[in-house]
Amino acid sequence: MKYIFPFLAFIMMIGCNTDEKSPYRNMPDEGELKLLTYNVAGLPQGINADQFPEKHMHLISPLLNAYDIVNVQEDFAYHDSLYKYITLPYKSKYVADVSLGDGLNTVSTIPILDFRRIKWNQCYGTDCLTPKGFSFCRLRFSDDAMVDLYNVHCNAGSNTNDLAARRDNIQQLCDYMQNNSNGNAIILMGDFNCRYTRTGDNIRKIDSLGLKNVWIELLRDGVAPLQNDISLMDCAPNATNATCEVVDKIYYRSSDKIAFTALSYQLDDAKFYDSDTMQLSDHRPMFANLKYRIIR
């Protein structure tokens, strides 16, 4: 009997060992993140006359390797081509049932944890043909420092029913962020199908949660456009412009664990055109660079 208690104590010590190493390597305490959000126009070819995914999707694939965090939308019918040349270590898994799936995927140099797909509560018209919504995951910088990453594709269109569905999308997204990311650092990117100028859109609800839109912060000195139904379409020849608003957006928010500073914003890049100078998607790619600092 005198040997049983030391043996039990040894077993308990092993079971309570808290020094087990994480399978992931910690990120440096400071660094820079290259972000990309891109609607890759992956509906079956022929549905939209200005989209040629059979020709372009495999050209998009290797371009994604230049970034740390990539959110794509409309990754529907050509997922294998899109992922074919990606060498980034962390990728969300393509999911499609009887439909083409929600089209949302994320690839990253940073570990992706707890990936979830959330369908919109409301949709209208052709937007209801796929389970559009948003995705959520946590990017692991260290055991104590995580960033909540959201990828969004809102309902499209501009008639009364489209606007009502999209306003509900934005409200649902904001409610989810408040319930699941309260106090957390956030990176939010995607195709919102919203404009700050459009009176029927409620995109400003996102700003009210303390998130910063990189385009507004860096190119407009923090001043959002007037909500007056006058679209800002000065996008040629220079799309990186204070008077060029598109429906794609990049937002971020710091926390008491990770501090972000926006360094740059860019819309469009010559690399995302084919040899005939045709865009690889009907959307331009949107980029941002963020400086991060883990707070100890």
Normalised per residue, the volume of the convex hull around the Cα set of segment 204-276 (Å³):
121 Å³
If I model a spin label as a point 7 Å beyond the Cα along the Cα-Cβ vector, how far apart are those points for Gln227 and Ala242 in nm?
2.2 nm
Taking Thr160, Thr197 and counting other C-beta atoms within 10 Å, the order from fewest to most:
Thr160, Thr197
Checking the table Lys91/Lys119; Lys55/Lys291; Lys91/Lys212; Lys93/Lys271; Lys34/Lys257; Lys93/Lys119 against a 28 Å threshold on Cα-Cα, which pairs fail?
Lys55/Lys291
Normalised by the number of residues in the chain, what is the relative contact order in percent for Cα pairs under 8 Å and 6+ residues apart?
20 percent
Give me the distance in nm between label points sitting 7 Å out from Cα along the Cα-to-Cβ direction at Cys128 and Thr261, one decimal.
5.0 nm
Farthest positive-ward along segment 26-294 dipole, Cα basis, beta-carbon charges - from Tyr38, His56, Ala224
Ala224
Backbone HN-Hα couplings from phi across segment 248-253 [Karplus 6.51/-1.76/1.60, Hz, Gly and Pro as x]:
7, 9, 10, 10, 8, 8
Over the alpha carbons of segment 17-111, what is the largest minus smallest coordinate on each principal axis, giving the biggest first in Å?
57, 30, 18
Out of Ile110, Ile47, Ile203, any idea which swings most in a Gaussian network model of the chain, alpha carbons joined below 10 Å?
Ile47
Once Rh for the chain is found with the Kirkwood sum over Cα pairs, what is the Stokes-Einstein diffusion coefficient at 25 °C and 0.890 mPa s, in µm²/s?
120 µm²/s
So which aspartates and glutamates can Lys132 reach, going by Cα to Cα under 14 Å and dropping same-chain residues fewer than 8 places off?
Glu74, Asp75, Asp97, Asp102, Asp162, Asp168, Asp191
Could you work out [θ]222 nm for the chain from helices alone, using -39500 (n - 2.57) per DSSP H run of at least four and dividing by all its residues? Round to the nearest 500 deg cm²/dmol.
-6000 deg cm²/dmol
Run through every distinct alpha carbon pair of segment 125-243 and return the Kirkwood hydrodynamic radius in angstroms, one decimal place.
15.7 Å
Euclidean distance between Cα centres, segment 75-122 to segment 124-172, Å:
14 Å
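Every read-out reported here was derived from the displayed coordinates using simple, explicitly stated rules and does not represent laboratory data. Remember, predicted model here, so these are calculated numbers, not experimental data. Heads up, the Cβs are rebuilt from the backbone with ideal geometry, glycines too, and the neighbour counts pull from every protein chain shown.
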